[in-house]
């Protein structure tokens, strides 16, 4: 009988006999991959659809389908065959983690592989042949090689060729353009209709300038759809190639009305930048605006790894010079990160008497003016020879994020000094900013945002902007020293960009763009406390109810 009981336990593996004779469920053993997948807190993307007209509600399923096609393209850019890698998942947690990372490399852990049989992620992702060297690329006489919108491949003879996106992803972009045109037919807002029509055409031609201008001129829409190849983060070889993504957004008109006045202040902020005159000698477009949205769908690049909570677009320097840029604050996602991540980190790492300074309004302002700051400084180098993006090459995204972070905080300070922010205690923004570094630095060394946070963290440490209590392991902000560090780092980064100083940018990243031992110990404490690394979405037509 004893042997039979042992066999029964071994076979079932789930039920154990206790001394009372009652069956007890055995907790399944958690694997490392279970823990990694659970480190992303689930959040449902919904909003109040009563603000939409009947036609706007009918548009949403079409936009969902176009967005999903952008997701399909991004899989190809980031990894390759999605179905092939998902078939290798050995558990639901493994499949979930593959989907979060769009492949077998852990985006928030230096792009290290988390599946057997895979090496380090190629720096050029799927944009270049894996066997291509930088020397081979540099020696190749092809004007289209550095285009945002070409894949670099090999022809039958092994020679490099540049394939336009609209040819490389022909079936996907043609289908997406069809859905977007159907949505445009339903659009009642003239600006939205024109933008959607032009954006559909852009996907088929890779000429995004007309649709970018139309997007900037669109002012009264409730539904917004950001779609196409946009950001350069995925290309860590040269930073040339734009990756596909999509956001479906519903405007929060109450919050947006609060932000209207700040867009008009952009030219004044440019003139007041804390740097020498040559490094602010451009006039940002006067058509910039700020709006708050609830996001109801993320697809592609923006959905990979850490989730975007604000948008500053377009990236085209010509459009920025002519029209400015739009800053979209994704309020529901922002609130989720504040509640689920920033508040618990604050309770763990910020000095107890300063924790009350960590507030959602300060988090919202810091994030919003980060996006404003992307439109400040120079688009071209001081000598006018090239764009800052071209001059700084693969360092551009990390340096640009560094600029936006520190200059965004400066913008809040400057506006507060001018009396534009009522009843503002800058200590709220400084302490919230400090807590935000710990949230973002967890994005790791493979992320432009992570590198930017590490650069700023070590600069603040060097300048005494904060002190760490060795006994409690908590951080205390020094208001005066942080203010001075904010001014000094802003000037330094604006100068690097204006000079197009690639070597200095590279040196800054190499010296500070990694996590040192003491900081890693504090990040380990965050992980041990079970605080989520980031959020992952429950999203789609069924979740939204359309």
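The values are calculated or read from the model by the stated rules, or taken from the named source; none is laboratory data. It should be emphasised that the depicted structure is a prediction, and the values quoted were computed from it without experimental measurement. Cβ coordinates were reconstructed from backbone atoms using ideal geometry, including for glycine residues, and neighbour counts include every protein chain displayed.
Give, as residue ranges, the helices (runs of 4 or more DSSP H) completely inside the range 127-220 that count at least 2 residues that are touching a residue at least 24 places away in the same chain (Cβ under 8 Å) and farther than 27 Å from residue 324 by Cα. The qualifying helices (runs of 4 or more DSSP H) are 134-139, 170-186. Here residue 181 meets each of (1) within 19 Å of residue 67 (Cβ to Cβ); (2) within 25 Å of the chain's Cα centre (by Cα) with one exception, condition (2). Within the bounds of the range 465-481, is there any residue that is out of contact with any strand residue (DSSP E or B) (no Cβ under 9 Å at 6 or more places or on another chain), in contact (Cβ under 8 Å) with a residue 60 or more places away in the chain and not in a loop (DSSP other than H, G, I, E, B)? Within the range 465-481, none of the residues are out of contact with any strand residue (DSSP E or B) (no Cβ under 9 Å at 6 or more places or on another chain), in contact (Cβ under 8 Å) with a residue 60 or more places away in the chain and not in a loop (DSSP other than H, G, I, E, B). Looking at residue 95, is it in a helix (DSSP H, G or I), touching a strand residue (DSSP E or B) at 6+ places or on another chain (Cβ under 7 Å) and more than 17 Å from residue 165 (Cα to Cα)? Here the answer is no, as residue 95 does not meet what is asked.
Filtering 435, 452 for residues that are under 26 Å from the mean Cα position of the chain (by Cα), part of a helix (DSSP H, G or I) and modelled with pLDDT of 90 or more leaves a single hit, 435. Restricting 393, 340, 327, 403 to those that are in contact with a strand residue (DSSP E or B) (Cβ under 6 Å, 6 or more places away or on another chain) and assigned to a helix (DSSP H, G or I) reduces the list to 340.
Screening 311, 341, 345, 350 for residues that are touching a residue at least 24 places away in the same chain (Cβ under 8 Å) and within 26 Å of residue 492 (Cα to Cα) leaves exactly one candidate, 311. Looking across the range 508-543, the residues that are farther than 23 Å from residue 435 by Cβ and out of contact with any strand residue (DSSP E or B) (no Cβ under 8 Å at 6 or more places or on another chain) come down to 508, 509, 510, 511, 541, 542. Beta carbons closer than 6 Å, at least 6 apart along the sequence or on distinct chains, pair a first residue in the range 41-70 that is in contact (Cβ under 8 Å) with a residue 12 or more places away in the chain with a second that is assigned to a loop (DSSP other than H, G, I, E, B) and crowded, with 20+ Cβ neighbours inside 10 Å for 41/532; 45/539.
Scanning the range 288-307 for residues that are in a loop (DSSP other than H, G, I, E, B) and either within 20 Å of residue 216 (Cα to Cα) or without any contact (Cβ under 8 Å) to a residue 24 or more places away in the chain (or both) yields a single hit, 288. Criterion first (in a loop (DSSP other than H, G, I, E, B) and farther than 28 Å from residue 527 by Cα) does residue 422 satisfy it? So residue 422 passes the test.
Residues considered: 371, 317. Of these, the only one that is touching a strand residue (DSSP E or B) at 6+ places or on another chain (Cβ under 6 Å) and not assigned by TED's automatic domain parsing to the domain that holds residue 457 is 317.
Within the option set 489, 519, 504, 494, being part of a helix (DSSP H, G or I), surrounded by fewer than 21 Cβ atoms within 10 Å (Cβ to Cβ) and touching a residue at least 24 places away in the same chain (Cβ under 8 Å) holds for one residue only, 519. Among the residues of the range 483-506, is there at least one that is out of contact with any helix residue (DSSP H, G or I) (no Cβ under 8 Å at 6 or more places or on another chain) and modelled with pLDDT under 95? No, every residue in the range 483-506 fails to be out of contact with any helix residue (DSSP H, G or I) (no Cβ under 8 Å at 6 or more places or on another chain) and modelled with pLDDT under 95.
Here 270, 236 are screened, and the one residue that is assigned to a helix (DSSP H, G or I), touching a residue at least 40 places away in the same chain (Cβ under 8 Å) and either within 25 Å of the chain's Cα centre (by Cα) or within 18 Å of residue 369 (Cα to Cα) (or both) is 270. Within the range 522-546, which residues are in a helix (DSSP H, G or I) and over 30 Å from residue 67 (Cα atoms)? Matches in the range 522-546: 522, 523, 524, 525, 526, 527, 528. Scoring residue 373 on the criteria (1) closer than 15 Å to residue 505 by Cβ; (2) buried (at least 24 other Cβ atoms within 10 Å of the Cβ) leaves a single failure, condition (1). Assess whether residue 384 counts as being free of Cβ contacts under 8 Å to residues at least 24 places away in the same chain and either surrounded by fewer than 24 Cβ atoms within 10 Å (Cβ to Cβ) or touching a helix residue (DSSP H, G or I) at 6+ places or on another chain (Cβ under 6 Å) (or both). Criteria met by residue 384.
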